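Undergrad: Below is the structure I would like to discuss, written out as structure tokens.
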Amino acid sequence: MDGTVLVADDDRTIRTVLTQALTRAGCKVHATSSLTTLMRWVGEGRGDVVITDVAMPDGNGLEMLPKIAEDRPDMPVIVISAQNTIMTAIKATEANAFDYLPKPFDLPDLMKRTARALDRNAPRRTATPVSPTEGGGDRDDLPLVGRTPAMQALYRLVARVMNTDLPVLIWGESGPGKSLIGKAIHDFSDRRTLPFVTVTGADLADIEGPARILARVRGGTLLIDEIADIEAEVQARIARMMDAPGDYAPRFLATSQSDLAAAMKEGRLRRDLYYRLSGATVHVPALRDRVEDIELLARHFLDQSESGAGGPRVLSEGASRVFATYQWPGNVRQLEHAMRQLALTSQAPEISQSEAEQVLGTQPVPEPIHSQANTERLGASVERHLRRYFDQHGGELPPPGLYARILREIEVPLIEISLAATSGNQARCADLLGINRNTLRKKITELDIGVTRGRKMIKNRHRTVAIVPHPRMGYDQDHKIWR
């Protein structure tokens, strides 16, 4: 990299790390803990790129972006922040930040983004700032919080699509907040002063349904709930409505519990409707895929809940561990229900582990997830996970080396499961896989796969019997086998 980077952060460690990393990469670096000093440097014409924190001792980094744009229109600004909410990502986009990363950030990722900012000063889209009172009031209370890469990628994607007219498909399991994402896209968009209307297949079932709905929306945003569950005849009606929306065309959003590309291939979604709706795709991750966010969300719901006697509640370490290891089949909606229940019933200010275990034991079993039906083909399952992997990068390409990385991800569990199924017999495993035995041995060594010699779990019609290796058997570390 070649250029001068201005770094503003009140954390001395971050300033030191960035200064060392950027200097090693060939950049000149000026670092400060003061926004006043940063703005003086910008006004003096110093620097080619700015990296700034949001919360600084003498001001807000986001509020400085319009001034930087005024003084230096081509100066890219990368915003880093520990305020891991969707509002931070949206405000950074509205302020024309070149990029946004949450803390704790991945240093190699930040270096790549800085290199891109130095290489090109691409023209950036202007957006009308959203005042706190517009679009339904202050939205800082939205439970769209998260430190995980999946949620941060989701924030960036929402910020990019909110002021376009592209239709958006929002998919994910039951309960992670799909409708909430749709409402956020509307509330922070240029259409925020217009109606936001959510409809189901029943609202469009009769022939006059589309006309009534369009009259209600009046150019605002129309969210169609669970589009893949709507009957084919009604889907055709929706496609025609999108083709001829009238004088006040709305923004079309749709939600689904299943990947709509897979639903189209399975015949549950009309092909023409899929292509009309698939302007942008947003995947909302399941709660079990962002374990680090569970405590943040739990704290939010406890703060928002009406507490019983004794005032506000907090989670004990034991309760936090229970929630972190739970699978949350009902996702964020289930977590909210559990927290509201605990806020009312907990006997002490700190929620205990036993109380957490008790409330999870009373949780209702959610409906099955459509996208994970037992009839799903292996190819469709792999495709679904690959699409999700790409979606989690928020429009950015994944890191290079994807082909080898994906093959390794598939190869390791394939060999491990095949070895387990053949009780560690490498000759039988090689035959099962259809590869040479020497090739299998080479793979075991290269991929560091442990081989267990012994009998596997044997199932019969009546019961499952676990037959384990004899206790006198030992594990050979050199050959990675049981002897």
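The values are calculated or read from the model by the stated rules, or taken from the named source; none is laboratory data. If you're wondering where the values come from, they're calculated on a predicted model, not measured in any experiment. Using ideal geometry, Cβ is built from the backbone for each residue, glycine included, and neighbour counts are taken over all protein chains shown. What goes into the accessible areas is simple: the full protein's heavy atoms, side chains included, and nothing from ligands, DNA or RNA. Shrake-Rupley method; radii C 1.70, N 1.55, O 1.52, S 1.80 Å.
Undergrad: Against the definition (closer than 30 Å to residue 190 by Cβ, acidic (Asp, Glu) and in contact with a Ser or Thr (Cβ under 7 Å, 6 or more places away or on another chain)), how does residue 74 come out, yes or no?
TA: Considered against the rule, which asks whether it is closer than 30 Å to residue 190 by Cβ, acidic (Asp, Glu) and in contact with a Ser or Thr (Cβ under 7 Å, 6 or more places away or on another chain), residue 74 comes out as no.
Undergrad: Also, I was wondering about something else. Looking only at region 336-355, decide whether some residue is closer than 30 Å to residue 167 by Cα and part of a helix (DSSP H, G or I).
TA: Among the residues of region 336-355, at least one is closer than 30 Å to residue 167 by Cα and part of a helix (DSSP H, G or I), which makes the answer yes.
Undergrad: Against the definition (assigned to a loop (DSSP other than H, G, I, E, B) and either in contact with a strand residue (DSSP E or B) (Cβ under 6 Å, 6 or more places away or on another chain) or not β-branched (Val, Ile, Thr) (or both)), how does residue 156 come out, yes or no?
TA: In short, no.
Undergrad: Additional query: Does residue 29 count as at pLDDT 85 or above and crowded, with 21+ Cβ neighbours inside 10 Å?
TA: The answer is no for residue 29.
Undergrad: Being assigned to a strand (DSSP E or B) and open to solvent by 10 Å² or more (accessible area, probe 1.4 Å): is that true of residue 255 here?
TA: No: the conditions fail for residue 255.
Undergrad: Does region 393-401 contain any residue that is of a type outside the set (Gly, Ala, Ser), modelled with pLDDT of 65 or more and in a helix (DSSP H, G or I)?
TA: No, region 393-401 contains no residue that is of a type outside the set (Gly, Ala, Ser), modelled with pLDDT of 65 or more and in a helix (DSSP H, G or I).
Undergrad: Does region 190-209 contain any residue that is modelled with pLDDT of 85 or more, open to solvent by 60 Å² or more (accessible area, probe 1.4 Å) and basic (Lys, Arg)?
TA: No, region 190-209 has no match at all.
Undergrad: Let me ask another. Here is a list of conditions, (1) open to solvent by 10 Å² or more (accessible area, probe 1.4 Å); (2) without any contact (Cβ under 8 Å) to a residue 40 or more places away in the chain, and residue 42 meets all of them except one; can you say which number that is?
TA: Only one criterion in (1) open to solvent by 10 Å² or more (accessible area, probe 1.4 Å); (2) without any contact (Cβ under 8 Å) to a residue 40 or more places away in the chain is unmet by residue 42, namely (1).
Undergrad: Within the set of pairs 6+ apart or on separate chains, which have a first residue in region 1-23 that is under 12 Å from residue 110 (Cβ atoms), a second that is of a type in the set (Lys, Arg) and surrounded by fewer than 18 Cβ atoms within 10 Å (Cβ to Cβ), and C-beta atoms under 9 Å apart?
TA: Once the first residue is under 12 Å from residue 110 (Cβ atoms) and sits in region 1-23, its partners that are of a type in the set (Lys, Arg) and surrounded by fewer than 18 Cβ atoms within 10 Å (Cβ to Cβ) give 5/28; 14/103; 22/28.
Undergrad: Another question, then. Name the single residue, out of those in region 197-250 being part of a loop (DSSP other than H, G, I, E, B) and in contact with a Ser or Thr (Cβ under 9 Å, 6 or more places away or on another chain), that is nearest to residue 181 (Cα to Cα).
TA: 225
Undergrad: Pairs, please: C-beta under 8 Å, at least 6 apart or cross-chain, first residue free of Cβ contacts under 8 Å to residues at least 12 places away in the same chain and in region 209-234, second open to solvent by 10 Å² or more (accessible area, probe 1.4 Å) and outside any helix (DSSP H, G or I)?
TA: From region 209-234, no pairs qualify.
Undergrad: For residue 228, indicate whether it is within 18 Å of residue 273 (Cβ to Cβ) and surrounded by fewer than 18 Cβ atoms within 10 Å (Cβ to Cβ).
TA: no
Undergrad: All but one of (1) open to solvent by 30 Å² or more (accessible area, probe 1.4 Å); (2) in a helix (DSSP H, G or I); (3) within 23 Å of residue 173 (Cβ to Cβ) hold for residue 322, so report the exception by its number.
TA: So the condition that residue 322 fails would be (1).
Undergrad: For region 305-319, state whether one or more residues are assigned to a loop (DSSP other than H, G, I, E, B), free of Cβ contacts under 8 Å to residues at least 60 places away in the same chain and touching a Lys or Arg at 6+ places or on another chain (Cβ under 7 Å).
TA: yes
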